[in-house]
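Report on the structure given below.
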Amino acid sequence: APAGPLKGRHLLVTSGPTHEPIDPVRYIANRSSGKQGHAIAAAAARAGAQVTLVSGPVSLPDPAGVDVRHVESAREMLAAVEAALPADAAVFAAAVADWRAASEAAEKMKKDGGTLPPLTLTENPDILATIAHLSNRRPRLVVGFAAETQNVVTYAQAKRARKGCDWIVANDVSQRSGIPGGVMGADSNEVHLISAEGVEHWPQASKADVAERLVGRIAAALGPLEAS
Ligand code: C5P
């Protein structure tokens, strides 16, 4: 790893959507390009960190200098995250599907008979909340994301408390956010950083710049590596 403010640190990042299988050819997913999470992993590697990126299915290349674990479902993502611990800091940028099919059909479901197949959903694990609530092996700094369409700061502050994380990076994904076409899949982002200290508004910037700024803040929060 290059020299830099995160030298000697292990950062864990989740990115992308998850795909929750319904049958061998169908799945449930959230909209997510993975651009912001991958940019954070890349920026952390450039800052000298050892980086583990747990990525759902995305069409992005693996960032340089990053150890990438490719997963499909939320349960696989949680297992990969747990296997990657311990970490000094963890950033949960993935858009994890909240629900999955209660059972996966072994064969492709057929549309014959004119009846609609039943789809029973069950809840997925909350990866951010699970890791933030660990008593053992909790990363010192746990960062979540919040995509909201209204009352962005209020909802994100409530989410920070509920999830038990240290920071929330909150963005307005409504069409009024000023980013043409909305933030999904876009190259820029406008966020609020919500912490115990309060709320900081970061003006619209590229996802790469948001990533660099966040990585700088993570390095500052972790402080210098203790001399051994
Ligand atoms: O609850 P909500 O999906 O709005 O929370 C978003 C934050 O929680 C993101 O940081 C996301 O990566 C994380 N999350 C997670 N596992 C889930 C759902 C959300 O890690 N099952």
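The values are calculated or read from the model by the stated rules, or taken from the named source; none is laboratory data. Because the structure is predicted, anything quoted here is derived from the model rather than measured. Because the Cβ atoms are built from the backbone with ideal geometry, glycine has one as well, and the counts that use them run over all protein chains shown. Note: areas computed on protein heavy atoms with side chains; ligands, DNA, RNA excluded. Shrake-Rupley method; radii C 1.70, N 1.55, O 1.52, S 1.80 Å.
Side notes on the structure shown:
- Checked against the criteria, Ala84 counts as more than 8 Å from the ligand (Cβ to nearest atom), hydrophobic (A, V, I, L, M, F, W, C) and touching a residue at least 40 places away in the same chain (Cβ under 8 Å).
- Among residues of the stretch 130-163, those that are of a type outside the set (Lys, Arg), open to solvent by 20 Å² or more (accessible area, probe 1.4 Å) and within 11 Å of the ligand (Cβ to nearest atom), counted: 6
- Residue selection: Leu116 fails the criterion of being free of Cβ contacts under 8 Å to residues at least 60 places away in the same chain and within 16 Å of the ligand (Cβ to nearest atom).
- Cβ-Cβ under 6 Å pairs, at least 6 apart or on other chains, the stretch 20-34 side closer than 13 Å to Ala102 by Cβ, far side outside any loop (DSSP other than H, G, I, E, B) and of a type in the set (Lys, Arg): Glu20/Arg100
- Looking across the stretch 12-35 at every residue that is assigned to a strand (DSSP E or B) and away from the ligand (no atom under 15 Å from the Cβ), the one that is least open to solvent (accessible area, probe 1.4 Å) is identified as Asp23.
- Residue match in the stretch 113-124 (condition: modelled with pLDDT of 95 or more, at negative phi and touching a helix residue (DSSP H, G or I) at 6+ places or on another chain (Cβ under 9 Å)): yes
- Within the stretch 52-67, the presence of a residue that is under 30 Å from Ser174 (Cβ atoms), modelled with pLDDT of 95 or more and among the acidic types (Asp, Glu) is excluded.
- Only a single criterion out of (1) open to solvent by 20 Å² or more (accessible area, probe 1.4 Å); (2) on the phi < 0 side of the Ramachandran plot is not satisfied by His38, namely (1).
- Selected residue (criterion: nearest to the ligand (Cβ to nearest atom)) from residues of the stretch 119-129 that are in a loop (DSSP other than H, G, I, E, B) and in contact with a strand residue (DSSP E or B) (Cβ under 9 Å, 6 or more places away or on another chain): Asn124
- Leading residue by the ranking (surrounded by the most Cβ atoms within 10 Å (Cβ to Cβ)) among those in the stretch 66-110 that are among the acidic types (Asp, Glu) and either under 21 Å from Val143 (Cβ atoms) or in contact with a Cys (Cβ under 7 Å, 6 or more places away or on another chain) (or both): Asp88
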